1. Does the stretch 156-208 hold any residues that are part of a loop (DSSP other than H, G, I, E, B) and without any contact (Cβ under 8 Å) to a residue 12 or more places away in the chain, and which are they?
2. From the list Val30, Val78, which residue is within 16 Å of the chain's Cα centre (by Cα) and of a type outside the set (Asp, Glu)?
3. Answer yes if at least one residue in the stretch 28-39 is at pLDDT below 95 and either assigned to a loop (DSSP other than H, G, I, E, B) or at positive phi (or both), and no otherwise.
4. I need the full set of residues from the stretch 222-236 which are of a type in the set (A, V, I, L, M, F, W, C) and part of a loop (DSSP other than H, G, I, E, B), in order please.
5. Which residues, taken from the stretch 53-66, are farther than 19 Å from Gly168 by Cα and in contact (Cβ under 8 Å) with a residue 12 or more places away in the chain?
6. Can you tell me which residue is surrounded by the most Cβ atoms within 10 Å (Cβ to Cβ) among those in the stretch 195-241 that are more than 30 Å from Ala154 (Cα to Cα) and among the acidic types (Asp, Glu)?
7. Filtering the stretch 211-260 down to residues that are touching a Leu at 6+ places or on another chain (Cβ under 8 Å) and polar (S, T, N, Q), which residue is farthest from Ala149 (Cα to Cα)?
8. Taking the conditions exactly as written (among the hydrophobic types (A, V, I, L, M, F, W, C), at negative phi and either surrounded by 24 or more Cβ atoms within 10 Å (Cβ to Cβ) or modelled with pLDDT under 95 (or both)), does Leu9 satisfy them or not?
Amino acid sequence: MSRPRTIVLTAAVASVTGLGLVPTADAASVRYVALGDSYSAGVGAGSYISSSGSCDRSPNAYSALWAAAHAPSSYASVACSGATTTDVINKQLSALSSSTTLVSITIGGNDENFGGIMQDCNLKGTTTCVNEINAAKADATAHLPAKLAKVYSAIKSKASNAHVVVLGYPDFYDVAKSCIGLSQASRTAIDSGIDLLDSLTKTAATKAGFTFGDVRSAFAGHEICDSGRWLHSVNLLDIEESYHPTATGQKSGYLPVFSAKV
C-alpha cells in the first residue's frame, strides 16, 4: 500500500434496483463528487489523466466507472494519491456544495503511514514489519476515530443534502496460501492492520450517519498470492502502484460494492 486511498460515497437516491444501481432517470439528477486517497483516485488502474498531475486519477477508478455507466448530472473526482484526512479537509472539500447529492471517499491509510510501513516490510524484514504495524494499530486506535469524525463532520457541513458512502480497504494477502515475498508473519500482521483500519472506519462512518462499503469480501480469492489477484504486489517499475487495486480490482471489486450502497 504505497499510498493508500479511502473512499466515501454520497447519494441522494432513495430507490435502487436489485443490483444496487441507480435507475437512469434518477441518476440524471445526481451531482456526484469523489473524495479521498489513491484507492479512490484509481492508482494502480492505469491510464492516468495528465491534468491530475501527481494525484494520479484514473478513468478506471470505481467512481469514474460508475459515472460513465449512469451519466449523473455532474461528476467530479478530487481524490488524490497520498491524501490524508487533513488533505481532504484542506484541499478537497471545496468541491462540495449544498447541491451535491452523492459523495464517495476512502481515507485513513496514509494517516498511519501505511505506504512507508509496506516499504519497510519489504526492505527490513519481519521483525521491523510486525513492530511497525503494531505501533500503527495502537496509533490508529488512539487517534484515527477523531480524525475521521472531523472529516465526516466537514463533509456533512459542506454537502448537507448528500448521501455519503465510505469505502474500506481490501486485505492484501490470502494468508491461507504461500507465495514468494514477505514472510507469513508479515502478511498476517499486514492484513490485521487493514482489518483494524476497516473496523475503525466502519464505526466512524456509521456514527456519522454515512453508509459503509466493505470491499474485503469482494476481493476474497483475488488477493496477493491468489492466481487471479486484483491487487498489485511490489512493482519495482512503478512503485506507486504497489499494493493498489488493478483496473480489474476497481471494476470487479470496488465498483459493485459502491453500486450496491448508492
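The values are calculated or read from the model by the stated rules, or taken from the named source; none is laboratory data. For clarity, every value in this text was computed on a predicted model and none was experimentally measured. Every residue, glycine among them, receives a Cβ derived from its backbone with ideal geometry; neighbour counts consider all protein chains shown.
1. Hits for the stretch 156-208 are Ala176, Ile180.
2. Val78
3. yes
4. Cys225, Trp230, Val234, Leu236
5. Passing the criteria: Ser54, Cys55, Asp56, Pro59.
6. Among those residues, the one meeting the criterion is Glu223.
7. Thr246
8. Spelling it out, Leu9 is indeed among the hydrophobic types (A, V, I, L, M, F, W, C), at negative phi and either surrounded by 24 or more Cβ atoms within 10 Å (Cβ to Cβ) or modelled with pLDDT under 95 (or both).
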